[in-house]
Each structure stands twice: as structure tokens, then as C-alpha cells.
Amino acid sequence: MATRIRTASDEAIREAAALLQQGELVAFPTETVYGLGADATRDSAAAQIFEAKQRPSFNPLIAHFVSLEDARTQVEFDTRAEAVANAFWPGPLTLVLPRLANCSISRLCSAGLETQAVRMPAHNIARDLLTACGLPLAAPSANLSGRVSPTTAAHVAAQIGETLTMILDGGPCGVGLESTVLDLSNPLARLLRPGAITQEMLMEVVGPLEVVSSDHVPPEGAALTSPGQMISHYAPTLPVRLNAGDVDQDEALLAFGPDVPIGAAQTVNLSPTGDLVEAAARLFDALHCLDRKPLRAIAVMPIPEEGLGRAINDRLRRAAAPRPPVQG
Ligand code: TXA
Ligand code: MG
């Protein structure tokens, strides 16, 4: 069946909800990136996500909820989790929490762990869809495993369009980077993935936390805390060269700020004024756009390592990391 890209009207949302209730896959917009959604309580639906993304089955999935109350029925919220959820939900923050004994989220979403990642998105279309289907939705970013995440319906269609029934089109995503992932399943809070809810913002609520990030990658062979820490990730087809101060004529340039080196075959400036929020929102679209053969590489100008810049640099370091011979 050909994939239908549908503008997210009330009617399209109702149709999408019915498809999800039947166990089908539907891609939908969130404030961060587009998600590849499926009924999180149904094993066969969760299994289809892994197949469509060609995602390794040891990489767990986030379950999305329309309310904190719904999330509380599945995972254990301690006082820290209550406090961060109250501070930042709905919004771009995922919490890794212990599964409750009667948790009805498919074990496939936990990928063999005793924890489940939960998130309450802020995007109206995501929220309307969750309400309409009355189910928690498992939704990873709607890209092929290891590749650049989608921030438009067209990005989704280009990578995995053939494998799903409907893409709800809600225009470009506002934040543009995946949610912050905070693990609260142990006494020491751990930041597993930087995002728009920054380390500084979280520390104000939970106090000290351990940062497990791309510049702290575990030694080879050591167990990964979050499989999303896989070093090569967000990879365009072309090689990525970081901290570029100059550029060759057979390279594409991902620029930032007002002082841009000249001579690139093609340039996209993430933010001519040096605004990190604007840069984050444009990052994945820029990578999709510059990733065109016969160019040799994508050169990336330095981005300041502060606030949202940390999340941007995390994605760029992974995009530039040496890639396994076969993407997993
Ligand atoms: O912004 C987002 O979070 C988007 C939108 C669609 O909500 N979703 C997303 O999902 O980015 P995904 O699957 O691409 O990334 C989820 C990350 C992965 O790094 C995964 O390893 C980690 O969260 N994760 C999920 N469950 C986990 C768990 N139980 N323990 C540790 N890490 C977990
Ligand atoms: Mg992803």
C-alpha cells in the first residue's frame, strides 16, 4: 500500500487513531522530531517498529502519554520524577523509570530492561492523536536506525515511507532535536541524552546528576547504559568533518554565526546570528539537505558547547563518529 501523507486535520487524526488501534504504524509530529508510532501495549505493533527502522532489538522505545496520570499507571514515579514531570511536562523530556509490576507496556519497548522510558509530548497533534486512540504510543524517531532524525513529513517519507500506513503532516518540528533523556531508575540521576531541557535546568530540580554523553563514551566492550549512546548515530551518507575553520570546494558547509568561510560547493547556515535555539531547529533538515553526492564531505563550523549547543554537538559528534561496516 502506498504511504499516505495527510495534513493533520481532525478527520486525519481520527483515521490515524483507528489505524493505531488496529496495530498499524503511523508517523506523527512532536515538538522534537517526527515519531514512528505504534500501540505500545501490543507486542506485534512494537515489533513492527523495530522492523521498519531496522533497529537492533536491544535498543528500547519511549512510550508516549497524554497525561502524567496515565504514565503513573505504568511506571514508578518517585518524588524526583514527580518534581521533574511537574516542572517540564508536557515537553521535550523523557524519563527512564522502573516498570510497575502490572505495567502493560510491551516488554519489547523495554528491550529486556526493568525500566521503561516515558514522555508526555507538548505538540498539539501528538496530544490529539494520543487522546483519540486512547493508547500509550511507542514512538522512536521516524528514521532508519543510525540515520538522521526527521523534522518534516518529507524526511519520514524519504527514509521509511514504504513501511508505514500513514504520515500525519504537522509541518516542521519546533525544537528539532530529540528529547532530553533522564534516567531516574537509580539514586543518582543520569543524563543519557542532552536535549532542549538542559542539564542546568534539570539540576535545579534534581540536584547533582551524572552526565553520560558522547564525549564520555564508554570504553569499547563496556556495557552501554542507554543503547542510544551508540557512538555512530545520526549519520548522513557523506562523512562529517567537525570544527571546520575553512572549507574545500568539493565539500558542503554547515555554517553557524556571521563569519562564514567561503568556497564551499553548498552552504546552509544554521543561524547567521548565532542563535542556538534556531540552530537546533534547523540541524537535521540542514543535514538532510547537504547530504548529496558527489560532494566529498560535510564540513561543520564549531558550535559553542553551552546550553542547547551541548545537545547539538552531541548529535554532530555522533554524526561524525567512525561508522560500523554495516549500520545496525
Ligand atoms: O524526542 C524524542 O524523544 C523522539 C520523539 C518521537 O518523541 N523519540 C526518540 O526516540 O528520539 P528514539 O527511540 O529515537 O530515542 C530514544 C532514546 C534511545 O537513545 C534509547 O536508547 C533511549 O532513549 N531509551 C529508551 N528506553 C530506555 C530505557 N529503558 N533505558 C535507557 N535508555 C532508554
Ligand atoms: Mg532516534
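Tell me the relative contact order for segment 1-132 as a rounded percent, counting alpha carbon contacts under 8 Å between residues six or more apart.
Details: 202 pairs, mean separation 40.7, N = 132.
Contact order relative to length: 31 percent.
If Rh is defined by the Kirkwood formula over all Cα pairs and Rg also comes from Cα, what ratio Rg/Rh do you get for segment 233-308? Please report the intermediate quantities before stating the final value.
Values: Rg = 11.5 Å, Rh = 12.3 Å.
Across segment 233-308, the Cα-based Rg/Rh ratio is 0.93.
How are the Cα pair distances of the chain distributed, in percent, across 20 Å bins from 0?
Result, from short to long distances: 33, 59, 8 percent.
Given a cut-off of 13 Å, what percent of all Cα-Cα pairs of segment 71-124 lie beyond it?
Numbers: 810 of 1431 pairs.
Value for segment 71-124: 57 percent of Cα pairs lie more than 13 Å apart.
Which of the listed residues, 237, 96, 83, is farthest toward the dipole's positive end in the chain, when Lys, Arg count +1 and Asp, Glu count -1 at the beta-carbon?
Of the listed residues, the answer is 237.
Please compute the net charge surrounding residue 195, taking Lys and Arg as +1 and Asp and Glu as -1 over other residues with Cβ under 12 Å from its Cβ.
Numbers: positive: 119, 193, 310, 315; negative: 31, 178, 314.
Neighbour charge sum, excluding residue 195 itself: +1.
Compute the helix-to-body angle for 43-53: its Cα long axis versus the longest principal axis of the chain, expressed 0 to 90° and rounded to tens.
10 degrees
Only sites in a loop by DSSP and with at most 13 other Cβ atoms within 10 Å count here; which GluC sites (Glu not before Pro) in segment 56-122 make the cut? Please report the intermediate quantities before stating the final value.
Details: sites: 69, 76, 82, 114; in loops: 76, 114.
Qualifying residues, ordered by number: 114.
Please report, in debye to the nearest 20, how large the charge dipole of the chain is about its Cα centre when each Lys and Arg carries +1 at its beta carbon and each Asp and Glu carries -1 there.
On the way: 25 positive and 36 negative charges, 144 e Å.
Computed charge dipole of the chain: roughly 700 debye.
How fast does segment 83-200 diffuse by Stokes-Einstein, in µm²/s, taking the Kirkwood radius from C-alpha pairs at 37 °C and 0.692 mPa s? Intermediate values should be presented prior to the final figure.
Working: Rh = 15.8 Å.
Answer, rounded: 208 µm²/s.
Take the alpha carbon atoms of segment 115-159, find their radius of gyration, then divide it by 2.2 N^0.38 Å using N residues; give the quotient. Spell out each step's value before the answer.
On the way: Rg = 12.3 Å, N = 45, 2.2 N^0.38 = 9.3 Å.
Scaled against compact globular proteins, the figure is 1.31.
Using only Cα atoms, tell me the angle between helix 308-320 and the longest principal axis of the chain; keep it within 0 to 90° and round to the nearest 10.
On a 0 to 90 degree scale, this one is about 70.
Please report, in cubic angstrom per residue, the volume enclosed by the convex hull of the alpha-carbon atoms of segment 271-328.
Values: hull volume 6.3 nm³, N = 58.
In segment 271-328, the Cα hull volume divided by residue count equals 109 Å³.
Helix 124-133 against the longest principal axis of the chain: what's the angle in degrees, Cα atoms only, rounded to the nearest 10?
Rounded to the nearest ten degrees, it is 30.
Want the number for residue 265 to residue 100: 0.36 nm per residue separation, take away the alpha-carbon distance, what's left? Present the calculation step by step, with values, prior to reporting the outcome.
Values: separation 165, 0.36 × 165 = 59.40 nm, distance 5.38 nm.
Computed gain between residue 265 and residue 100 is 54.0 nm.
Throughout, read-outs are computed from the coordinates displayed, never taken from laboratory work. As the structure is a computational prediction, the values presented were derived from the model and not from experiment. Using ideal geometry, Cβ is built from the backbone for each residue, glycine included, and neighbour counts are taken over all protein chains shown.
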